[in-house]
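Peer 1: This structure is in C-alpha cells; I'll ask about it shortly.
Just so it is clear, none of the values below were taken in a lab; they were calculated from the coordinates. Worth saying up front: this structure is predicted, and the values here are computed from it rather than measured. All Cβ positions, glycine included, derive from the backbone under ideal geometry; neighbour counts span all protein chains shown.
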C-alpha cells in the first residue's frame, strides 16, 4: 500500500467526538492556565514521544496537547507535522481532536491531512512533511494530536530536540527496545536551567521555555538542549562512539569509491583530479534512497552523471585518485553555522552535515591545508568548493574541527589558521562630484577568498551577474550605472575589477549636512532587546574585513568634522582617515570579529554591542557627514 | 483523406534527433548581444488529438546555464522522455525515462501528485543537450486542462521556437486555439498554414530577466502561446459572444443555487428597504455595510465571530442547501457571500450593475479572444453610476470600505453586466488617486537635557492603507493588537509606556495605532545629536539594486499613494536645529518633500511622499530610479541638533 493512501485509510471514525481523549484531558488538568507563559502564542501542555526500536526499525508514537493562548497563533497551533521519507516512513495512525471554547469537540477529518514533497532540481529528495490541521481554531481552544509512525533508519540512534518556538509544560520521552538497553544522553540541559527526572525507560522535563525570535541569536540547533537516544547493537555500532562511526563510514565510503592506493607523494595526480572535478562536476544534493544522506553513489556513476552532493563528489574524488594510485579518506564536518563541533561532544552521527576528502600524504607536499594527526599527515580537500585554490580551504573553514574517518577509528583534526584562504575586500573610488552631488569616476574592487561571492558568480555565470551580485551585496541604488567592467583573477584566487561608475545622488542629506552613501559606510546596527527581555545568548557574527579608499574632487568646500576616527574594541576594529583639500581623500577600514556571549555573560554582551553601536553612530555623524566650511 | 491528414501531421511533427551542425557549436556567450549561460537552439511543440510532442535542443555555455537543460514535469504525466548530452568532441551521454527522478509532490484525501525531475547526466559547461517527450492530451489540450500557456521567451536566448497546431479530427466540442501576443511585430514570427496544420514559428528572442516592478505578461518579449477550450454554444463574434456569455453563463453562475432563505431574511430585507436612502450610492453603501454586519466572511472574522464559525466540509456537497445555510448561520466564504449579496441587491432593486474586473497579475485581456478566463465569473464587483462615472463597490472584500476596491484591478478593462437585462459592455475601471490611499503619521517628541526622550505616535490610513490595518488588526483581540505594537517598538533603548489600536473592532471605522514610548540618547561627550525624526516609518516602495540594462516591461507599482509624516519636537532651551535640511523634488512619478523649522523650543519636521500612479510606461524607468533615490534619501534622513553650548 502506498504511503499516502495508507494515511487515508488510517483516518477513520466519526467527525465529532464528545470529549477529548483521557490523556489529553489529564494533561490540560495538570497545568494552571491562569499562569500560562506570558506572550506565548500557544502552550504545549503535553509533548510525549515514545520510541520503540524493534527489528532494526524505529516506531515513534507521539501525543501532543496544545492550549491556544493567542488568536494570532491559532492557525500555527492547529497544525501538526510529521517529517518523513516517501519510501522510508509509514504513518500507522494519525488522530486529532479540537475542543472549542464552547466545549464541542471535533475530530480530525481526512481532508485536513496532506503530505508535501520538497524535491527541486538542486535538492533531489524523497523527504516529505505530512500536515494535519484543524480549521477555525481560536484562542481558548485546545488541540490534541496523536500519531504512530514507523521508520527505517541507517542508525540505531536518534536525536530529540527539546525546545521550539512555543513553551512546553511537560515533555516526556519514553523508550523501549527488543534488546532492552538504551543509551540516553541529555545535552545542554543544564545551561538552559532545565532539570530532568529520569527513570527506567522514561525521561521527563518540565517548563521548557520557548525559543523567541531575537536578533544575533545562535544559529545552530546543537546549541539548544536535546536528547541523544541510541539502541546500540554493541561497541561496533556506528552510533556507539566516534571511533566506531569513523570505522563504519570508512567502509561505506570505500565501497562507493571502490578504490585503494598509496600515500600521496606527488602533487600532480592530486591537482589533476581536483581540476577535473572542479571543471566537470555540478553540486546537487541527492537524497533519494534511505541512507543516501550518508551513502555515496558509486564513484563511476557520479562521474557518468557529472553531478552529486558532498559525499558523491568526495567518493568520486577518491575513485579518481584511486585510479591514479592515491588513496583518500572521508573527513566529516559541520559547516554553514557558527557552531564548532569537537570530539568532546557526545558521539552522534547527527552532528555532521558535510564530508570532504582527506588525502593521506607520504610527506608534506607544501600545501597550506595539510593537517597532522600523530605520525600521519593529510591534505584536506573540499570537492564542492570549485574556486578556492587547491591546497587551501575556503574562509568558512576557519577554526573548524573535522573527523577524519579511518579504519582504526576517528582522527580529529583542526583546520590550521594558515590553511584558510583569508577573505577580505577592498574598494577604491576615484573621481569627481558635480554641483548636484553626482559622482563620476573609476571604481576598483579587489576581492580575496570569495568574500562577497563575486568570484563564484563570475565563474558560474558571467561578469554581468557578478556586477549584479556586487550591487545586491552593497544595496547599491538603481540609479548607479556601472560600465566598462574589466575583471581578472590571479593564481591566488584574488579577483580584481575595474569599472566606470556614475553615481547620482552620491552625497545625501543627513544630520544637517551631506553624507557618504550607505553602500560605502554601512547600515546602522540592529538594536537588541533589553537584558530582562533577552532570552537567547548573543552570537555576534564576523564582519569580513572591508576597506574603502576614496579620492573625491569637486567637494566645493565640503569637509568632515573629523579628519580621523578610529577605535579598537572587543568586537572589532575601525579606522577612518580623511584629508581635506582639492582632492578629498578617505581611507576607511572596518572589520568585526565573531563574539559569543553566553546567558551568564549577556549583560556584558549587550553592553559591548551597545558601545559598538554608539561608536558607529557617532562615527557616522562626525566623520561621514560633510558640511560647508 | 485520413491518410492525407496523417501525412500532413507527420510532416508537421517535431524534428526529432537531427545531426548537430557546426552552427550549433558556433553559439557562444556574447555579452554584447545579451547572450549568456545557454541558448535554446530549437524548441518545438506539436499539438495532436491525444498527445503534445515536445523537442528541445539547448546549447549550454556556463555553469549557471546548466539549469536550462533540466526538465521538470510537475504533473507527472510526461512520457517517452529521451535525449542526449553531446560534448564538443562528439562523445555523448544518452538518457531516458529511467533517469527521471519521481518524487511525491503532494497527496491528500482525493488527490495525489508526483513531480518528476531530470538533471541530464554528463552535463558540462560546454555541451549541447537534446530532450524530447510527450504529454498525453485530449482533443489537443493536456488531459484535464482547459488552457495551455507557453511563454516564448525564457531566461536564456531563444533562437527558434515553434508551435504546430494539427487539425483536430474529432469535431465534437472542438476547442479553439488562439495565439495571442502583446506586441505583434511581424518579423518576430512566421505563420505556415497547411490544410491540416498551422505552425507559428518565433525566432531570436532575447533572454528575459527579472525586472523590478515588472509584469511577466506585459513586456515586449512577452509573446506567448495560449490555447483554451471554448464555449461551443456561444456565438464567436465580437458583437454577440460577450452578450451571450452574460445571458447564459454569468446569469446561471449567480442564480443556479436555489435561494430560499426564510422569513428572518425577508424581515431583514424589509427593514433595509424601509431605511434605504434615496441616493443610490448612499443606499449601496448602507446595504454593503449592513450586509457585512450581518454576515461574517470566514477568512476575515473578528475573534468573537471566529468563535461562532462551526463549518463542516460536508455542507459543501449539498449545493441547494448552501445559501440557506449561509443565511441561517450568518457566515460564509467569498463565493457564498457573493451569491447571497447578489440576491440581496436584486431583492432591494438597487440600480447597480455587475462589474467583472481583470487583474494586473494576469494576461492582458483581449475581447477578441472570446476567452473568459480573465474574469472570475462568480465574484462580481458592483457599480453605481454618478455623472457617467462608476462608483465601485467590492462587497465581499471586507477590508475595503465603500467606494474602494483592490488596486490590482484599477485602470484595466472590466466586463460590465446589467443584471436586469443581462446585457454586457466593456469599461475601464477608474483608478483611485494618490490621496485615496493616504497614510498619516503624527509624532510628538519631547527631549530632555540629559538625552532622555518621550515620544507619542499616531498613525491612520485610508484606502489600501486602511485595508492593510483592517487585515492586520480586525482578526485579533485588543490585547494582542497592542501586544504586537509594543513588541515591534520595544528595544534596548526604547520602553513603550502605552499602546492602543482604536477603531479595529468593526469594518467601518478608521483604524488608529497609537504608541507612547520613552527612550534615551547617549549624549555624553557630544555636542551634536543626530535623530531619526520618523522612527518605524514604512518604506512605501521596495528599493531594488539590480535593474537589467534593457527595460522591456512597463512599470507596475503597488498603488498610488500619499504618505505624510510629521514630528513636533520640544527641545531644551538653547538646542538648535543644525544645517541644511529642507529639500523637495518631483517628477512624473511623484514628489517628495522634507522640511524642518524651529521656533524657540519647537522643532517641526515634515516629510511628504506622493506616488502619483501605480502604472507607468517603461520609458519612465529613469525617472522611477531617480524617484526611488529621493525616497531612500528622505526615509533615511536624520536631523541634527546642536546641544546647548556645545561645539561640534
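Peer 1: Hey, if you drop one equal point scatterer on each alpha-carbon of region A:526-601 and run the Debye formula without solvent, what base-10 log of I(q)/I(0) do you get at q = 0.13, 0.17, 0.21 Å⁻¹?
Peer 2: -0.58, -0.77, -0.94
Peer 1: Also, I was wondering about something else. Compute the distance in nm between two label points, each set 7 Å from the Cα along the Cα-to-Cβ direction, one at residue B:33 and one at residue B:558.
Peer 2: 4.2 nm
Peer 1: Could you work out the Kirkwood radius for region A:415-454, taking every pair of different alpha carbons, averaging 1/r and inverting it, reported in Å? List each step's numbers first, then the result.
Peer 2: On the way: mean 1/r = 0.0801 Å⁻¹.
That comes to 12.5 Å for region A:415-454.
Peer 1: A further question on this structure: Output the 0 to 90 degree angle, nearest 10, between the alpha-carbon long axis of helix A:242-257 and the longest principal axis computed from the alpha carbons of chain A.
Peer 2: That works out to roughly 80 degrees.
Peer 1: Moving on to the next point. If you average 1/r over every pair of different alpha-carbon atoms in chain B and take one over that average, what Kirkwood value in Å do you get?
Peer 2: For chain B, the Kirkwood estimate is 29.6 Å.
Peer 1: By how many degrees, between 0 and 90 and to the nearest 10, does the Cα long axis of helix B:621-636 differ from the longest principal axis of chain B?
Peer 2: In chain B, helix B:621-636 runs at an angle near 30 degrees to the longest axis.
Peer 1: To continue, here is another question. Which residues does the label zone of residue A:191 cover in region A:340-376, counting backbone N under 12 Å from a point 7 Å along Cα→Cβ?
Peer 2: A:340-342, A:345-346
Peer 1: Between residue B:333 and residue B:550, what length in nm is gained on full extension when 0.36 nm per residue of separation is reduced by their alpha carbon distance?
Peer 2: Stretched fully, the residue B:333-residue B:550 segment lengthens by 73.7 nm.
Peer 1: Right, here's the next one. When the scattering of region B:56-152 is computed by the Debye formula from its Cα atoms alone, each counted once and equally, what is log10 I(q)/I(0) at q = 0.11, 0.13, 0.15, 0.17 Å⁻¹?
Peer 2: Per q value, in the given order, log10 I(q)/I(0) is -0.39, -0.53, -0.68, -0.83.
Peer 1: Here's a follow-up. Under the definition of partner shielding as Cβ atoms of other protein chains within 10 Å of a residue Cβ, what is the mean value for peptide B:517-527? Don't skip to the end; give the middle numbers.
Peer 2: Working: counts 0, 0, 1, 0, 2, 6, 0, 1, 1, 5, 2.
The shielding value for this peptide is 2.
Peer 1: Pull out the extension gain between residue B:433 and residue B:275, defined as 0.36 nm times the separation in residues minus the alpha carbon to alpha carbon distance; nm, one decimal.
Peer 2: So the extension gain works out to 53.7 nm.
Peer 1: Let me ask another. Please compute the length gained on full extension between residue A:432 and residue A:219, using 0.36 nm multiplied by the number of residues separating them and subtracting their Cα-Cα distance.
Peer 2: 72.3 nm
Peer 1: If I take R0 = 45 Å and measure r between the Cβ atoms of residue A:199 and residue B:310 in this structure, what FRET efficiency does the formula 1/(1 + (r/R0)^6) give, to the nearest 0.05?
Peer 2: 0.60
Peer 1: May I ask for the distance between the Cα centers of region A:447-481 and region B:351-428, given as a whole number of Å?
Peer 2: 45 Å
Peer 1: For an R0 of 51 angstrom, estimate the FRET efficiency from the Cβ-Cβ distance between residue B:101 and residue B:388 and round to the nearest 0.05.
Peer 2: 0.30
Peer 1: Which percent, nearest 5, of DSSP beta bridges in chain B are antiparallel?
Peer 2: Percent antiparallel among DSSP bridges in chain B is about 90.
Peer 1: Over the Cα atoms, compute the radius of gyration (one decimal) and Dmax (the largest Cα-Cα distance, rounded to a whole number) for region A:106-202, in Å.
Peer 2: 17.8, 47
Peer 1: Now for a separate question. Over region B:330-414, what lengths in whole Å, largest first, do the semi-axes of the equivalent ellipsoid take, defined as the square roots of 5 times the eigenvalues of the alpha-carbon gyration tensor?
Peer 2: Value: 22, 16, 13 Å, ordered largest first.
Peer 1: Sticking with this structure for a sec: What distance in nm separates the simple spin-label points at residue A:579 and residue A:473, each placed 7 Å from Cα in the Cβ direction?
Peer 2: With each label placed 7 Å out from Cα toward Cβ, I get 2.8 nm.
Peer 1: Right, another one. Please report the equivalent ellipsoid semi-axes of region A:32-115, computed as sqrt(5 x eigenvalue) of the Cα gyration tensor, largest first, in whole Å. Spell out each step's value before the answer.
Peer 2: Numbers: eigenvalues 156, 53, 29 Å².
Rounded to whole Å, the semi-axes are 28, 16, 12.
Peer 1: Next question. Could you give the distance between the Cα centres of region A:347-399 and region A:97-148, to the whole Å?
Peer 2: Answer, in whole Å: 44.
Peer 1: I'm checking a number: the convex hull volume of the Cα atoms of region B:517-648, normalised per residue, in Å³. What is it?
Peer 2: 131 Å³
Peer 1: Based on other C-beta atoms within 10 Å, arrange B:368, A:398 from fewest to most.
Peer 2: The fewest-first ordering by Cβ neighbours comes to B:368, A:398.
Peer 1: Under the definition of partner shielding as Cβ atoms of other protein chains within 10 Å of a residue Cβ, what is the mean value for peptide B:116-123?
Peer 2: Details: counts 1, 7, 1, 10, 3, 7, 6, 6.
For this peptide, the per-residue mean of nearby foreign Cβ atoms is 5.
Peer 1: Still on this structure, I have one more. Output the peptides B:429-435, B:112-118 sorted from most to least packed, where packing is the average of other Cβ atoms within 10 Å over each peptide's residues.
Peer 2: Details: B:429-435: 17.1, B:112-118: 19.3.
Descending mean neighbour count gives B:112-118, B:429-435.
Peer 1: I'd like the mean, over residues of B:97-106, of how many other protein chain beta carbons sit within 10 Å of each residue's own Cβ.
Peer 2: That average works out to 5.
Peer 1: Could you tell me the convex hull volume per residue, in Å³, taken over the Cα atoms of region A:419-526?
Peer 2: Spelled out: Cα convex hull of region A:419-526, divided by residues, is 118 Å³.
Peer 1: Here is a follow-up. Could I get the Rg over Rh figure for region B:394-536? Both from C-alpha atoms, Rh via Kirkwood, rounded to two places.
Peer 2: We get a ratio of 1.17 for region B:394-536.
Peer 1: So, in Å, what gap is there between the alpha-carbon centers of region A:484-511 and region A:253-304?
Peer 2: Value for the Cα centre distance between the two parts: 38 Å.
Peer 1: If packing is taken as the average number of other Cβ atoms within 10 Å across a peptide's residues, how do B:372-382, B:203-213 rank, most packed first? Kindly include the intermediate steps, with their values, before the conclusion.
Peer 2: On the way: B:372-382: 20.1, B:203-213: 18.5.
The packing order, highest mean first, is B:372-382, B:203-213.
Peer 1: How big is D for the protein assembly as shown, in µm² s⁻¹ as a whole number, if Stokes-Einstein is applied with the Kirkwood radius of its Cα pairs at 4 °C and 1.567 mPa s?
Peer 2: D, rounded to a whole number, is 37 µm²/s.
Peer 1: Return the distance in nm (one decimal) between the two label points of a simple spin-label model at residue B:471 and residue B:193, each offset 7 Å from Cα along Cα→Cβ.
Peer 2: 4.7 nm
Peer 1: Could you work out how far helix A:463-474 tilts from the main Cα principal axis of chain A, as a 0 to 90 degree angle to the nearest 10?
Peer 2: Value to nearest ten degrees: 80.
Peer 1: For region A:160-294, max minus min Cα coordinate along each principal axis, in Å, sorted largest first?
Peer 2: Computed over region A:160-294, the largest-to-smallest principal extents equal 60, 45, 30 Å.
Peer 1: Given the Cα atoms of region A:544-586, and with Rh set as the inverse mean 1/r over their pairs in the Kirkwood sense, what is Rg to Rh to two decimals?
Peer 2: Value, to two decimals: 1.06.
Peer 1: Using the Cα atoms as the points, what is the convex hull volume per residue of region B:380-463 in Å³?
Peer 2: It comes to 121 Å³ per residue, whole-number rounded.
Peer 1: Please report Rg (one decimal) and Dmax (integer) in Å for the Cα set of chain A.
Peer 2: 28.7, 86
Peer 1: From largest to smallest, what semi-axes in whole angstrom does region A:169-225 give when each is the square root of 5 times an eigenvalue of its alpha carbon gyration tensor? Could you put the intermediate results ahead of the total?
Peer 2: Numbers: eigenvalues 142, 35, 17 Å².
That gives 27, 13, 9 Å for the three semi-axes.
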